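Here's a structure for you.
The values are calculated or read from the model by the stated rules, or taken from the named source; none is laboratory data. All values reported here derive from a predicted model rather than from experimental measurement. Ideal geometry is used to build each Cβ from the backbone, glycine not excepted, and the neighbour counts take in all protein chains shown.
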Amino acid sequence: MATYEYVCLTCDRPFEHDRPMGARVQGEPACPSCGSDEVRRRSVEPAGEPAAGRAPLGPAGVPPVNRVRREGRWIVCDGEPDLSCEGVALAALIPPAFTEMLRDAPSLAREWRLQTRRVFRAYFERGFVATGFERHADGGRYVLMRNQVTPAAT
């Protein structure tokens, strides 16, 4: 199970909700205070600026495996991704305005695609699964979690 933070768009109250990790769950939970189904999942970010050369933590404190930096108009990859993380969960950062990047900076968009592909291949081969995606003004984040499903007994 994973605990997610939500905020109700009707009564503006925050709440937490437990959901199975990696399971397909349709819809969002109703607000426990007012019963509204107009809710939004929140991203938890640490306060302040990240340390130099590091990206902010991903959704719900999940550490990113790739570093980014701003270079003029674009968010760019800052070195090679860490393909050796051993945690249960990690995040792969994605740049904002990717469609515009494809049009205006195709070589940069290609670099992003290749890096994201390397991250996915490395972690999928080690048993991780993509469990979510969050879009933010500063880009997006794929959340990858180690698949902890045990095979059925025969």
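Among what's in the range 106-130 and is free of Cβ contacts under 8 Å to residues at least 40 places away in the same chain and in contact with a Cys (Cβ under 8 Å, 6 or more places away or on another chain), pick the residue that is surrounded by the fewest Cβ atoms within 10 Å (Cβ to Cβ).
Residue satisfying both the conditions and the ranking: 111.
Now for a different question. Mind listing just one residue for me: the one in the range 86-116 that is under 15 Å from the mean Cα position of the chain (by Cα) and not small (Gly, Ala, Ser) and, of those, farthest from residue 75 (Cα to Cα)? Give the steps one after another, and end with the answer.
So the first thing to find is which residues in the range 86-116 are under 15 Å from the mean Cα position of the chain (by Cα), and the list is 87-96, 116.
From what's left, not small (Gly, Ala, Ser): 88, 90, 93-96, 116.
Values: 88: 27, 90: 20, 93: 10, 94: 9, 95: 6, 96: 7, 116: 14 Å.
The selected residue is 88.
Across the range 84-100, which residue is surrounded by the most Cβ atoms within 10 Å (Cβ to Cβ) among those that are out of contact with any strand residue (DSSP E or B) (no Cβ under 6 Å at 6 or more places or on another chain) and farther than 17 Å from residue 136 by Cβ? Even if it seems obvious, please write down each step before you answer.
To start, the set of residues in the range 84-100 that are out of contact with any strand residue (DSSP E or B) (no Cβ under 6 Å at 6 or more places or on another chain) comprises 84-87, 97-100.
From what is left, the residues that are farther than 17 Å from residue 136 by Cβ are 84-87.
On the way: 84: 8, 85: 19, 86: 7, 87: 12.
Of everything passing the filter in the range 84-100, 85 is surrounded by the most Cβ atoms within 10 Å (Cβ to Cβ).
Using the structure shown, decide if residue 141 is surrounded by 11 or more Cβ atoms within 10 Å (Cβ to Cβ) and touching a Leu at 6+ places or on another chain (Cβ under 7 Å).
On the way: surrounded by 11 or more Cβ atoms within 10 Å (Cβ to Cβ): yes; touching a Leu at 6+ places or on another chain (Cβ under 7 Å): yes.
Considered against the rule, which asks whether it is surrounded by 11 or more Cβ atoms within 10 Å (Cβ to Cβ) and touching a Leu at 6+ places or on another chain (Cβ under 7 Å), residue 141 comes out as yes.
Can you tell me which residue is surrounded by the most Cβ atoms within 10 Å (Cβ to Cβ) among those in the range 15-37 that are in contact with an Asp or Glu (Cβ under 9 Å, 6 or more places away or on another chain) and at pLDDT 80 or above? Can you show your working first?
If we filter the range 15-37 for residues that are in contact with an Asp or Glu (Cβ under 9 Å, 6 or more places away or on another chain), which is where we start, we get 15-17, 27-31, 37.
If we keep only those that are at pLDDT 80 or above as well, we get 15-17, 28-31, 37.
On the way: 15: 17, 16: 11, 17: 17, 28: 15, 29: 16, 30: 16, 31: 22, 37: 12.
Selected residue: 31.
Could you list, in sequence order, all residues of the range 74-99 that are farther than 12 Å from residue 144 by Cβ and modelled with pLDDT under 90?
Once the filter is applied, which keeps residues that are farther than 12 Å from residue 144 by Cβ and modelled with pLDDT under 90, the range 74-99 yields 86, 96, 97, 98, 99.
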